[in-house]
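Only one structure is covered here, and it is reproduced in the block below.
No lab work stands behind these numbers, since they all come straight from the coordinates. Here the structure is a predicted model, which is why all the values come from computation and not from measurement. Here the Cβ is made from the backbone with ideal geometry for all residues, glycine too, and neighbour counts use every protein chain on show.
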Amino acid sequence: MTIVLDGSALRGWRGSHRGVAERSGLARYAAATADQRPDRLAGDVASPVWTCVPFGAVARDFFTEFLGDRVTGRLVHLGHSIVLHAPVRAGSHVLVDAGVVALRHTPQGATVELQGTASSPDGQRLAEQSGTFLVAGSSAENPFTEPQPGAELPDPAVGPERALTVTVDRDQAVRYADATGDRNPIHLDAAAARRIGFAAPILHGLCTLALTCHALEHEVPGAEVGRLTTEFARPVFPGDVLTVRWYPTGVGAGFEVLNRRRRPVLRAGCLRSG
């Protein structure tokens, strides 16, 4: 039976997640995403992509509320954008509030876009982010898109294109799932991955983004991530060797990530310093 997502029911939905950035959790996340900064590996401060962890908890609440067990093994992350306003340090209380801003129909299924803000208990804004998710094999009724600011133009290159290599560990998806709580079975179970057309379990898109971010931080002069955005174009598999093609922009870097076949797995990537 086809899953139907009805925009008249989804529109206006909001959810929240409140938690504490535990030192041990920040350290596990850094280790699971090949972060090399000592303060992050020690769990003193969060890696730039870590704010996706509490945001992901809200996303899981949303899909569980509307789809229950039917969403298991069908959810695919298509893209993500993060704007960081302040660092998250060990012991920080983090409140994420997020809502649905779009439901769209595609040939592959309905896509849902969520936007949210992470803040401290005193109201200090820590991060803003949005994520787009495909429910494979579903359909959308009464699709909608809330008014959004116009898309930003890519930052122009101010230097030649460069390249670096990122190797995905065989156990990367398992360690990332343990560090984040994202146990979508398409990342961990071969049968679940095959059911929606993947040859094997795939790496979490946000893990690929975090690996790329941490690699670029070592290459981009003065990079202290303030904004990070990308589209997830193709699956990445544990054991893959990826090529990050990037160019300096003066305020960070533009990038895309290619697999062994030279096909993009991340595209339209932007890293801006804060």
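Okay, here's what the table says:
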{"read-out": "Computed [θ] at 222 nm, helices only, for the chain once each DSSP H run of length n ≥ 4 contributes -39500 (n - 2.57)", "value": "-6500 deg cm²/dmol"}
{"read-out": "Under the Karplus curve 6.51 cos²θ - 1.76 cosθ + 1.60, θ = phi - 60°, whole-Hz ³J(HN,Hα) for the stretch 10-15, x wherever Gly or Pro sits", "value": "7, 4, x, 5, 9, x"}
{"read-out": "Placed amide H near Ala223: partners under 5 Å, 5+ positions off or other chain", "value": "none"}
{"read-out": "Overall form of the stretch 112-176 per C-alpha gyration tensor (a/c, 1.5; a/b vs b/c)", "value": "rounded"}
{"read-out": "Estimated vicinal HN-Hα couplings, Hz - the stretch 153-161 in sequence order (Karplus 6.51, -1.76, 1.60; Gly, Pro = x)", "value": "6, x, 5, x, 6, 10, x, x, 5"}
{"read-out": "Cα-centre dipole for the stretch 228-274 with unit charges at Cβ (Lys and Arg positive, Asp and Glu negative), debye to 20", "value": "200 debye"}
{"read-out": "3J(HN,Hα) from dihedral phi, the stretch 3-9, Karplus parametrisation 6.51/-1.76/1.60, rounded to Hz, x for glycine, proline", "value": "7, 10, 9, 9, x, 5, 8"}
{"read-out": "In nm, spacing of pseudo-spin labels at Val174 and Asp97 (7 Å Cα→C-beta vector)", "value": "4.1 nm"}
{"read-out": "Cβ-based exposure ranking for Val220, Val251, in which fewest neighbours within 10 Å come first", "value": "Val251, Val220"}
{"read-out": "For the stretch 80-151 versus the stretch 184-206, the gap between their alpha-carbon centres in whole angstrom", "value": "23 Å"}
{"read-out": "Under 5 Å, built H, 5+ apart or other chain: amide partners of Asp6", "value": "Glu141"}
{"read-out": "For the stretch 140-238, convex hull of alpha carbons as volume per residue, Å³", "value": "173 Å³"}
{"read-out": "Relative contact order [Cα under 8 Å, 6+ residues apart], the stretch 12-75, whole percent", "value": "32 percent"}
{"read-out": "Cβ-placed point charges (K, R +1; D, E -1), dipole of the stretch 4-273 about Cα centre in debye, nearest 20", "value": "640 debye"}
{"read-out": "Extension gain, Glu65 back to Leu188 (0.36 nm per residue minus Cα-Cα distance, nm)", "value": "42.0 nm"}
{"read-out": "Full-stretch length increase - Arg262, Ala42 - with 0.36 nm per residue and alpha-carbon distance subtracted", "value": "75.7 nm"}
{"read-out": "Rel. contact order, % - alpha carbon contacts under 8 angstrom, at least six apart, the chain", "value": "20 percent"}
